[in-house]
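Here the structure is laid out as structure tokens; the discussion comes afterwards.
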């Protein structure tokens, strides 16, 4: 069939897609921030520092991919910080018991999946508001972390496991940290999942209008189970990488990370009302968070005041984005 | 009934007009209420009753005309202003805070303060609130505790709370919109008694209801609206249900035999396309039964709240039925979800396209493809074939002449008529056997309406069975082969097209006669 005028119009619009790209606003914010930093603190632009920044936000970004999917369905997942800790602990405890790295990683991922699936089931079948369900599991998972360890960190993890977080892969002239490569690979996978698969289409539909999605024959409960499970698994990936990087699994690890993760997703343009958000945006959002952190350190900003500065930047970044959208 | 100065009326509305895009909702309507008078207001769905009430309560602004209270012209600025002028409106969906007590609701927004400094600090005088609430409730003769939580009260009791609030605010005019629609007989009787009691205290009452008997029992006179015009006023002595129905439908209606061809003869052979028996959902739909042939358009008429939407939602699996049998092409179906209905070939275009039909933030193409995704995907869903998706959407866009600048346009930027076509397109891409259309032309302009009508006819001609729910009698009459009339969740009657006159339909829809549904 001949492409009609309408189809051709669609092609032309795709050509201009870059300029209309949702992420353009926050990308600009990221670049401006980085440029200012580069001027004020020249060491910002060294490749060592850049890879440190990338590595430091890789686990936040990975968890944020999952939380973004949850938020796209108009839900929320507060349990990600606890899941990161518990998944890291599960892996560490298996290692301590003498199991191999593969088994430990699998156990960590399974733990994350389990908590996520419980969240999904509570929300989809138990009809709990997502905020309440995940607030509960956040506390329960953290309680398990304390209870199983008696509050002591698990140390002495084997080098084969720690390499997951500490190994730098030589790529051309650079030494790229493995967590960064994993983050990029997962970003591509999650992006394709959201934009190319039927489940991705349905996730946007459920968040855009749950009633209409149900009346179009979509099983809304299964989609919810899916996104919370994915959020659990991706948080577990982040938790395992973080544990491997630190070489120690502390029950207090990732305390409060859920807020960083949610902030990354929201700065990245994910709408808390549902139906909107992209993985690229989340990646940029997580980068903005970490660049602020790094910048404050490089400029010698007092450490105790950093949370206040970060909060202020989050608010300003989102306000700028809102203005742009109007 | 003499008022203070000159005019005998407390409220006068003169020459009120209001226009919405595509429809003149009110055209130079006069309306007046004297102190202590109960005025009934009746008309078909869409006659303009709600618009008139909303202008009175300050929710809408009129385009033209004047409003006088006690002879003085007023500009009603908004709902708060209307209340302070002495007009209390009691809506079908109550405006009560369900988690709060009766007393807190009665004084919502006007909480009495304690005396002295405590009051200046904003401390509420809870005792006075409860005492005064109790007094008002006693005056109404209802046994409700001021401390009771509103959410635990029955519908009838909540209505009493609304009325108590009107009294506590010293309203001079109480407007009741369908106050009896969800009450049992005993509660209706009580409510009508209270309406008369309000009137005997000098309060004017506007009583809007589809139930003509109740209107005639309680009203001193009845005003009839039709298509935005005031078509008549009957004092109680001259009013009868027959006279009111005649005024309500008294327009010229073409039955449109040119438009609706007879059911194809071949379709009568074998089992009917769809057969429904005893379909019930407690409290909403009662024992509904009918058949639908291939290529037939079955109109479903009835007044607001008759259970039409609820009934078709059961067929589509959007709500669960408590009982009943549905057969498609002779085979019994157990439909537990929309997905199962869609797989069986039964599809629904819901009544509210913005809230139930469309994902407004998604593109035209994606909205059309939503239920077809599995068919469009490769690798078991892992990859949606976007080219095929665009092709499918493009076919439908061209076939239905959906006016959109691009397939990637977000649906929210389309006009109402084109939005409705997008919902239709979604199902036409799926080869439906039974297509249920709930108010398919509500809120769309005349041109788009004609196109949708044409489309419905051509779909029926292709052998699709169509269930058309509509509140517009002309639409039902122009398109339907048979008309099913619902009343209070039941089938009041099924009329063949020859017998389906506006008068007959209104007669059944107002519950004057419940026929055993005709089964052929």
query: Mean residue ellipticity at 222 nm from the helices of chain A, using -39,500 (n - 2.57) per DSSP H segment of n ≥ 4 over the full residue count, to the nearest 500 deg cm²/dmol?
result: -24500 deg cm²/dmol
task: At 7 Å along the Cα-to-beta-carbon direction for both residue A:139 and residue A:169, put a label point, then send me their distance in nm to one decimal.
output: 4.1
message: How many angstrom lie between the Cα centre of region A:233-249 and the Cα centre of region A:263-300?
response: 20
- prompt: Helix B:416-428: angle to the longest alpha-carbon principal axis of chain B, degrees 0 to 90, nearest 10?
  reply: 40
Solution diffusion estimate, µm²/s, Stokes-Einstein, chain A, Kirkwood Rh from C-alpha pairs, 25 °C, viscosity 0.890 mPa s: 120
query: What is the fewest-to-most order of A:190, B:72 by other Cβ atoms lying within 10 Å of their Cβ?
result: B:72, A:190
- request: Any chance you could give the angle, 0 to 90 degrees and rounded to 10, that helix B:386-399 forms with the longest Cα principal axis of chain B?
  value: 70
- prompt: What ranking of B:11, B:333 emerges when the number of other C-beta atoms within 10 Å of each C-beta is taken as an exposure proxy, fewest first?
  reply: B:333, B:11
- request: With a ≥ b ≥ c taken as the square roots of the eigenvalues of the C-alpha gyration tensor of chain B, please select rounded if a/c is under 1.5 and otherwise prolate if a/b is larger than b/c or oblate if it is not?
  value: prolate
message: Please report the antiparallel percentage of the DSSP beta bridges confined to the protein assembly as shown, to the nearest 5.
response: 60
statement: Distance in nm between residue A:184 and residue A:132 label points, each 7 Å along Cα→Cβ, equals 4.5
- prompt: Relative to the longest principal Cα axis of chain B, at what angle does helix B:185-200 sit, 0 to 90 degrees, rounded to 10?
  reply: 40
Fraction of beta bridges assigned by DSSP in region B:378-520 that are antiparallel (%, nearest 5): 60
message: Can you tell me what percent of all Cα-Cα pairs in region B:1-90 are more than 20 Å apart?
response: 34
- prompt: Ranked from highest to lowest mean number of other Cβ atoms within 10 Å per residue, what is the order of the peptides A:206-213, A:140-147?
  reply: A:206-213, A:140-147
- prompt: Per residue and in cubic angstrom, what volume does the convex hull of the Cα atoms of region B:95-221 have?
  reply: 106
query: For chain B, what is the calculated [θ] at 222 nm in deg cm²/dmol (nearest 500), taking -39500 (n - 2.57) for each run of four or more DSSP H residues and dividing by its residue count?
result: -9500 deg cm²/dmol
Relative contact order of chain B, defined on C-alpha pairs under 8 angstrom at six or more residues apart (%): 15
- request: Rounded, prolate or oblate: pick one for region A:143-250, where a ≥ b ≥ c are the square roots of the eigenvalues of its C-alpha gyration tensor, a/c under 1.5 means rounded, and failing that, prolate if a/b is larger than b/c, else oblate.
  value: oblate
- prompt: By the gyration tensor of its Cα atoms, with a ≥ b ≥ c the square roots of the eigenvalues, what is the shape of the protein assembly as shown: rounded for a/c under 1.5, prolate for a/b over b/c, or oblate?
  reply: prolate
statement: So, with points 7 Å from each Cα along the Cβ direction, the residue A:305-residue B:100 label distance in nm works out to 4.5
query: Could you give the radius of gyration (one decimal) and Dmax (whole number) of the Cα atoms in region B:391-445, in Å?
result: 11.3, 31
query: Among A:226, A:24, A:109, whose mean-square fluctuation peaks in a Gaussian network model of chain A (Cα, cutoff 10 Å)?
result: A:24
query: Any idea how far the Cα center of region A:148-199 sits from the one of region B:107-163, in Å?
result: 61
message: Rg and Dmax in Å for region B:413-520, alpha carbons only: what are they?
response: 15.0, 47
- prompt: Where the centre of each part is set by its Cα atoms, how far does region B:170-187 sit from region B:395-432, in angstrom?
  reply: 42
statement: Expected integer from the mean partner chain Cβ neighbour count at 10 Å over B:352-364 is 5
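Read the figures in this text as sums done on the coordinates, not as results from a lab. All values reported here derive from a predicted model rather than from experimental measurement. Virtual Cβ from ideal backbone geometry, glycine too; neighbours counted across all protein chains shown.
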